[in-house]
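Novice: First the structure, then my questions, so here it is.
The values are calculated or read from the model by the stated rules, or taken from the named source; none is laboratory data. Owing to the predicted nature of the structure, the values given are computational and were not obtained by experimental measurement. Neighbour counts run over all protein chains shown; Cβ positions are idealised from the backbone, glycine included. Note: areas computed on protein heavy atoms with side chains; ligands, DNA, RNA excluded. Shrake-Rupley method; radii C 1.70, N 1.55, O 1.52, S 1.80 Å.
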Amino acid sequence: MTNPKKSIYQRASEWGVPFGLYLACAATASIFADWFAPLSLIFFILVMGTPLVVYYFQRRKFIEDDGFSEYSALWMLGILLFLLGTVLASFIVFLILQYGRPGFIYDQAQAAIEAYNKIPQMRDSDLVHVLERMVKERLLPTPIEMVFNVFWFVTFAGSVTSAITALVARRSLRRPPRQ
């Protein structure tokens, strides 16, 4: 008895969890990089490796379907991976920003103000004044606002990334003849 092949929706729901944990690791490295500098390198590697991870899952599905997956199905798999993975990662990041590192957004705004004030041409710029006003009047985004903004950005960027990786994942399964 053969095992029935799973749909892209079933695969996305299975693979979305490890992909979400991957995205959460990248985000966590970014959040704590100012406390431990090597985390910025880990963040960079994880972000640059994201297309490879998506390609891996798309290619795995293409091979599972014996090379008969359509481009649109692989693209949809990538979109769903990003959508489901980002939901999980967003929840984890929200918990970190709300409870683990509640001053993160304020700290980043203060660091930006300090950095811009060190540049003579930027000291009196509108950007510095706006940042200072946002801090003073408590207009910085809340953790949930940050999470939603990042959620929509990552989902959109993931859709574009998935479109590109789906093209590569569909390369032929044919192997050259042995001599």
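Novice: Which residue, 16, 49, 85, tops the fluctuation ranking in a GNM of the chain built on C-alpha contacts under 10 Å?
Specialist: Evaluated over the chain, the most mobile residue of the options is 49.
Novice: For 5, 118, give me the order by solvent-accessible area with a 1.4 Å probe, most accessible first, ignoring ligands, DNA and RNA.
Specialist: I get 118, 5, largest accessible area first.
Novice: Here's something else I'd like to know. Rg over Rh of region 51-138, using C-alpha atoms and the Kirkwood radius, what does it come to?
Specialist: 1.29
Novice: Right, next: Please report the relative contact order for region 1-113, taking Cα pairs under 8 Å with a sequence separation of at least 6, and give it as a percent rounded to a whole number.
Specialist: RCO, region 1-113: 41 percent.
Novice: Then there's this: Where the centre of each part is set by its Cα atoms, how far does region 106-158 sit from region 24-85, in angstrom?
Specialist: Taking the Cα centre of each part, region 106-158 and region 24-85 sit 27 Å apart.
Novice: Another question about this same structure. As an exercise, find the ratio Rg/Rh for region 29-79 from alpha-carbon atoms, using the Kirkwood inverse-distance average for Rh.
Specialist: 1.25
Novice: Quick one: if you stick a label point 7 Å off each Cα along the C-beta vector at residue 149 and residue 173, how many nm between them?
Specialist: Taking the two extended label points, one gets 4.5 nm.
Novice: Between residue 135 and residue 111, what is the spin-label point distance in nm, taking each point 7 Å from the Cα along the Cα→C-beta axis?
Specialist: According to this spin-label approximation, the distance is 1.3 nm.
Novice: Report the gain in length on full extension from residue 45 to residue 157: 0.36 nm times residue separation, minus Cα-Cα distance, nm rounded to one decimal.
Specialist: Extra length available between residue 45 and residue 157 comes to 38.6 nm.
Novice: Ranked by accessible surface with a 1.4 Å probe, highest first, in what order do 66, 124 come?
Specialist: From most accessible down to least: 124, 66.
Novice: Quick one: length gained pulling residue 71 to residue 98 fully straight, 0.36 nm per residue minus the C-alpha distance?
Specialist: Here the segment from residue 71 to residue 98 would lengthen by 5.8 nm.
Novice: Just how large is the dipole of the chain about the Cα centre, in debye to the nearest 20, putting +1 at every Lys and Arg Cβ and -1 at every Asp and Glu Cβ?
Specialist: In debye, rounded to 20, the chain gives about 920.
Novice: To continue, here is another question. Roughly what angle does helix 126-136 make with the longest principal axis of the chain, taking Cα atoms, 0 to 90 degrees, to the nearest 10?
Specialist: Its long axis makes an angle of about 80 degrees.
Novice: When only DSSP loop residues count, what GluC sites (Glu not before Pro) in region 1-99 have their Cβ near at most 13 other Cβ atoms within 10 Å?
Specialist: Here the sparse-neighbourhood loop sites are 70.
Novice: Are there any chymotrypsin sites (Phe, Trp or Tyr not before Pro) in region 22-51 that are in a DSSP loop and have at most 11 other Cβ atoms within 10 Å? List them by number.
Specialist: 35, 36
Novice: If you count only protein heavy atoms with a 1.4 Å probe, what accessible area per residue comes out for the chain, rounded to a whole Å²?
Specialist: For the chain, the per-residue accessible area is 66 Å².
Novice: Another question, then. Wrap a convex hull around the Cα atoms of region 1-114, take a quarter of its surface area, and give that in square nanometres.
Specialist: Its Cα hull, projected and averaged over all orientations, spans 8.9 nm².
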